[in-house]
Structures are given as structure tokens and as C-alpha cells.
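Report on one structure; see the data block that follows.
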Amino acid sequence: MNKNGKRIITIVKYIFLFTAGFLMILPFYWLVAASLMTPQEFISMPPKWIPHSPQWHNYVDVFKRIPMWKYYMNSLIVSTSVTLLVLITSALAGYSFAKLRFAGNRILFRFVLATMMFPAFLFLIPVFYLMKQFGWLHSRLSLITPFIVSGYGIFLLRQFIVTIPNELLDVAKIDGASQSNIFSMIILPLAKPALATLGILTFIGQWNSFMWPLIITSSAPEIMTIPVGLSRLSLAFSTLENQNLILAGLVLQVIPVVVLFLYLQRYYIKGIVLSGFGGI
Amino acid sequence: MKNKNPNILTMKRKETFAGYFFISPALLFYSIFFIFPVTFSFLISFKRWNMLRPLSSSPWIGFRNYIYLFTRDDLFKASLINSVIYAFVTVFLTLSIALLIAVVLLNIKYAVVWRFIFFAPIVTPQVALGIVWGYLYDPNRGLLNSILSFFGIPTHHWLTDPSLALFSVMITAVWAGIGGPLLIFTASLKGIPDLYYDAAKIDGANAIKRFWYITLPLLRPTLLFTIITGLLGAWQVFDLIYIMTRNAPAESVWVVSLYMYQIAFQSLRMGRASAAAFILFLIVLVITLIVLRIFKKGGIEGYE
């Protein structure tokens, strides 16, 4: 190919990339810009691109006008609890499937893989019924317990722990280490990268989770999480008066995951590459 | 190590015990939150039950829930069709665009920054994306119509026009979903040795031929993996549809998970909703198996 042709291709590439990049950023830009507008600017026609003077007090008002703080704490407690419990159960089961010989090991692991094929909507009614029978419909336990074991988590940890050399474990056994010693002193420290991957995927997944919290907390506002709270408010504020406050709320909802993502990016990306589209 | 030393025997016994002990939390969980729910769903799909009455006093009605869904329930059929359209179109578009961008980004400066831009929606809550896009699509005050009218394109009621609403949500879903497959494709593309391309160049193959005869075949396991995980995810879409399509007629936008949610938790028809869930599960299973067959390569294990 001649030089001119190559240059044209490069130019076309960049035009394509900048157009696509603009479309990717636009909604995020608008979210932040609109969260700093006055209500008048927000509903003006034609739409405004830039707030005349940024209304930073929107971010204070949002805590006064809606129970943002309560939503935040609920989301934080639920996401942290689920993440910690998933890490523990996945590491235990992952180690068991990877390194311990017992009858049924392979079949049970296949069973765990198979559970991942079952769509969530199959579980909504029976698990809701269970929570009702347990008397947990107004307790955060109903948001936590159905998620404390993850097929994907067990799979991820098992695949990682398999790569730990057996010699290492044999040496420990000869030195008289018990299985729980081996698990806590060899497996857990070595599995840190896999745990970080699973931890950040689980936390972000829970923080953003919507369908189950919607079903549970629609009638239990005291345990409502941020996504449910904000989605309900965005419908309730049909007067347009306070709509831009919801956008401030959305920014506050997004910030923790962005910080966490930037901090643990490497691990998160590894998890995505293993799991496909980003859902667990 | 075949000597029957009693020490080794106790060690083995201990290992077996530890094996069961360490998976016992998971097994307990799966019996409560997997085996029970699946059985329970299946059983109540033959009942008429609204969850307010005790389960024991709800009547068994045989296959009537299933028959109703297939013969009389137009909303179920519409939801089913919408879901199929949504899943296939979204996955096809997302993967095609992601592959195109992955190829373009392969030899470009600051590729990491570009990839981050495409990846941003993946970590953002779908609820937030849905609300923001809802405002962007607003026919009067939304930026989208404002941009389009700048180019002289007529404005639309994106989320309320029955012929447009599902399509508008699909655009948002594709926009939000590119990042994941983009990363996966990039990883696989980098794994293809330059040698293959160099050899093809010497044989006079142009860029399109090289893509078609080298890149695509070598990406097959990756494509299979992304198609299956993508379809499984798209088939269960809920958040975006729930948030964005409230003002559109139900038949034009409802998907299966929204149908499930409404019938079970708004209309309290638990039996019918469970029957629907089982039908949908079977359809998902069949589609997954067909995709696997088309690629003639196994699922997660085939991908390893």
C-alpha cells in the first residue's frame, strides 16, 4: 500500500475513534453538568450544555431532600457483607475442589458450573417466599443471604488454586500442618490476586444491583439501597422541580465504584476477561 | 506412595473430611437457594397461588398455567418476541462494534485511555445509565433531538413511540456493553502471532482477507464465549427496560424478566409467573445448546 493510502486510513481511524469517544463520554459529561445546574437551566429549551454558575450546593441539598445517607449506608453494608462472605465461601470451596480428594469432587464441581446457567428470574418467587417465611422481608439479611455463594467465584478460585504447586502443600503436610493451617497460611496468601478480582467484581455487582433490591425494598424503605431509592425518586419528582438533585445523587452513587475501579483496575479487568460481558 | 502406613491413611481420611467440610457452606447454600427454589418453582407452576394465602390451600390446576400462556396471553408472547429481538440484535451489534474498535485500537497510541473510555459504562450502575439516557432521549429537552436537529434530522419520541422504544433501549444497551467484549477481543487479538499476518502479506492477502481468513477463525473460541455469556445476560435484561420504558405501551417493550416481575410481584399470579419462568429457561437452554453446536466446541472448558 502506498503512503497516501496509509495516511487516509489513519485519518479515517481517528475520525471514527473521536466520534465514538464523543458518544461514549457525552452521557457522563451531561450527568455531571446537569447535576450542577439550577432547576431553571435544567428544564430550559433548547437544552443547556454548560451550567452558568455551578450549583455545588445541589450536592448538599440532595442529602437534605432525600434520605441519601440511609441509602448509602444500606448499600455499603449489603455490598460489603456479600463481598466478604463470597470471598470466604469461594476460597473454601475453590480449595476443596482444586486440591482435596474426596468422592464426588468432580460431579459437585460440574454441578456448581451448571448452576450458573440458570437465569435469575427462576429464583425470584421461591426466594422471596423463603425470605417471607424466615421473617426477613424488613431485614438486610434478605438482600445479603441469597448472594453469599457465587458459582462464578468458586470457579474462579478453583482455577487459580489449581495452579499452586502440590509440592508446596506436601511440604507443609510433612511438617505436620493441618488442612485449615494449609488453607489459611498457604492458599489464602497465594490466592490474593484471584480474591482481589472476585472481591471487586462482587462489590461493584452488588453496589449496582437493582432487580432483587427493588422486589424486596419496595415495601421496606428502611433497607432501601441507592439504585432503588434513586429510581423511585426519579419517578416521583415528576414536577421537574427537584430532578437535577437526582442527578447529583447519581453522581454520588457512581463515585465509589469509579474510585474502586481505578484503584483495582488490573484485577477487575482480569475478572471481566474471564466472565464475558461484565455480569457475574 | 502405595504403602499402607496408618499415618497416610489418617492423612487421607483427614483430607476427605476437610474436602467435605470446606464445601459444606456452598452445599448448604445450594440446597436452600438453588435446589429448593428450582423444585418449588416447578411445583407451583401447576398451582394457582397469590402468596397471600397459605400454599397448602392453593389449588392444583394441572397444565392450565402453561396452556393460558401459550393460547391466551398476548403480553407473554409479545414479551417473548421482544426478548428474542433484544437479545440477538444487542449481542450482534455489541460484538460487531466491539470487534471493530478492538481492531482499530490495536496499533494506536494511548490505547489504554481509549479502552478506558469505552469501558466506563461497565462499572456504572445500569440504573444511573438508564435515568441519564432517559433524559437524553427526552423529546423536548433532551440533548439527542437537539443534536439531531442540528444536522437537520427530524426529532422523535424515542422512548414513547411503540415502534422506537425497544430500539432506543437497545442503543443504550449496546453503548453500555461494548467495554467488556472489547477487552476480551483485545486480549485474544494480541495473542495471534504476527508471523501469520506476515506470511499472508507475502502471499498477497489484503487487510480484509487477512481479517477474514486469519483473525476471525482464530477468534472463534472467544466469539463463542462472548456470544453465550452475552445472550445469557441480554436475555435477562431488566434494569434498563424497567427504568427507561415506563411510558411506552407494554406490548412494545416488555421483555421476559419484566413480564415475570409484573405478573409475580404486581399481579401476584405466582403460578403463571413460574410457568413462564420455566418456559423461558428451556428456551435459553435450547438457544445456548444451538450456539454451542454451531461452534462445535464446548463451553467453559472448551474455552480454557
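Of everything in region B:143-163 that is part of a loop (DSSP other than H, G, I, E, B) and out of contact with any Ser or Thr (no Cβ under 9 Å at 6 or more places or on another chain), the residue that is surrounded by the most Cβ atoms within 10 Å (Cβ to Cβ) is B:His157.
For region B:134-170, the candidate set comprises residues that are in contact (Cβ under 8 Å) with a residue 40 or more places away in the chain and in contact with a helix residue (DSSP H, G or I) (Cβ under 7 Å, 6 or more places away or on another chain); within that set, the residue that is nearest to the other protein chains (Cβ to nearest Cβ) is B:Gly134.
Consider region B:107-141 and keep the residues that are more than 22 Å from A:Ile272 (Cα to Cα) and touching a Pro at 6+ places or on another chain (Cβ under 7 Å). The one that is surrounded by the fewest Cβ atoms within 10 Å (Cβ to Cβ) is B:Arg141. No other residue among A:Tyr59, A:Tyr14, A:Tyr72 is farther than 30 Å from A:Ile187 by Cα, in the same structural domain as A:Leu250 (by TED's automatic domain parsing) and surrounded by fewer than 22 Cβ atoms within 10 Å (Cβ to Cβ) apart from A:Tyr72.
Residues of region A:156-171 that are more than 30 Å from B:Phe34 (Cβ to Cβ) and either polar (S, T, N, Q) or away from chain B (no Cβ under 12 Å) (or both): A:Pro165, A:Asn166, A:Glu167, A:Leu168, A:Val171.
Checked against (1) free of Cβ contacts under 8 Å to residues at least 12 places away in the same chain; (2) more than 11 Å from chain B (Cβ to nearest Cβ), A:Ala20 passes all but a single condition, namely (2).
Restricting A:Ser53, A:Ser81, A:Ser44, A:Ser96 to residues that are crowded, with 19+ Cβ neighbours inside 10 Å and at negative phi narrows the list to A:Ser96.
Filtering region B:210-220 to residues that are in contact with a helix residue (DSSP H, G or I) (Cβ under 6 Å, 6 or more places away or on another chain) and more than 12 Å from B:Leu189 (Cα to Cα) leaves only B:Arg210.
Residues that are at the interface with chain A (Cβ under 8 Å from one of its Cβ atoms) and either in contact with a Lys or Arg (Cβ under 9 Å, 6 or more places away or on another chain) or not in a helix (DSSP H, G or I) (or both) within region B:108-133 comprise B:Ile108, B:Thr124, B:Pro125, listed in sequence order. Take the conditions (1) in contact with a Lys or Arg (Cβ under 8 Å, 6 or more places away or on another chain); (2) free of Cβ contacts under 8 Å to residues at least 40 places away in the same chain; (3) more than 14 Å from chain A (Cβ to nearest Cβ); B:Asp198 misses just one of them, which is (1).
In region A:261-278, the residue that is modelled with the lowest pLDDT out of those that are within 8 Å of chain B (Cβ to nearest Cβ) and out of contact with any Ser or Thr (no Cβ under 8 Å at 6 or more places or on another chain) is A:Gly278.
Regarding region A:93-101, can at least one residue be identified that is closer than 30 Å to B:Ile97 by Cβ, outside any helix (DSSP H, G or I) and among the hydrophobic types (A, V, I, L, M, F, W, C)? No, there is no match, as no residue in region A:93-101 is closer than 30 Å to B:Ile97 by Cβ, outside any helix (DSSP H, G or I) and among the hydrophobic types (A, V, I, L, M, F, W, C). For region B:266-284, state whether one or more residues are part of a helix (DSSP H, G or I), at pLDDT below 90 and away from chain A (no Cβ under 12 Å). No: zero hits.
For region B:236-255, filtering for residues that are at pLDDT 90 or above and either within 7 Å of chain A (Cβ to nearest Cβ) or outside any helix (DSSP H, G or I) (or both) leaves 6.
Here the condition is being in a loop (DSSP other than H, G, I, E, B) and either surrounded by 19 or more Cβ atoms within 10 Å (Cβ to Cβ) or not polar (S, T, N, Q) (or both); of A:Phe111, A:Phe118, it holds for A:Phe118 alone. Scanning region A:121-155 for residues that are part of a helix (DSSP H, G or I), away from chain B (no Cβ under 11 Å) and either without any contact (Cβ under 8 Å) to a residue 60 or more places away in the chain or aliphatic (A, V, I, L, M) (or both) gives A:Leu141, A:Leu143, A:Ile144.
Would a scan of region B:250-272 turn up a residue that is touching a residue at least 40 places away in the same chain (Cβ under 8 Å), more than 26 Å from B:Pro37 (Cβ to Cβ) and surrounded by 19 or more Cβ atoms within 10 Å (Cβ to Cβ)? Scanning region B:250-272, I find at least one residue that is touching a residue at least 40 places away in the same chain (Cβ under 8 Å), more than 26 Å from B:Pro37 (Cβ to Cβ) and surrounded by 19 or more Cβ atoms within 10 Å (Cβ to Cβ), so the answer is yes.
Being among the polar types (S, T, N, Q) and either closer than 29 Å to B:Arg246 by Cα or modelled with pLDDT under 85 (or both): is that true of B:Thr90 here? The answer is yes for B:Thr90. With over 30 Å from A:Val273 (Cα atoms) and in a helix (DSSP H, G or I) as the only criterion, which of B:Tyr213, B:Tyr261 stands out? Of the residues listed, the single one that is over 30 Å from A:Val273 (Cα atoms) and in a helix (DSSP H, G or I) is B:Tyr261. Residues in region B:24-59 that are of a type in the set (A, V, I, L, M, F, W, C) and either in contact (Cβ under 8 Å) with a residue 40 or more places away in the chain or in a loop (DSSP other than H, G, I, E, B) (or both): 6 in all.
The values are calculated or read from the model by the stated rules, or taken from the named source; none is laboratory data. Just so we're clear, the structure is a prediction, and the values are computed from it rather than from any experiment. For neighbour counting, all protein chains shown are included, and Cβ atoms are generated from backbone atoms with ideal geometry for every residue, glycine included.
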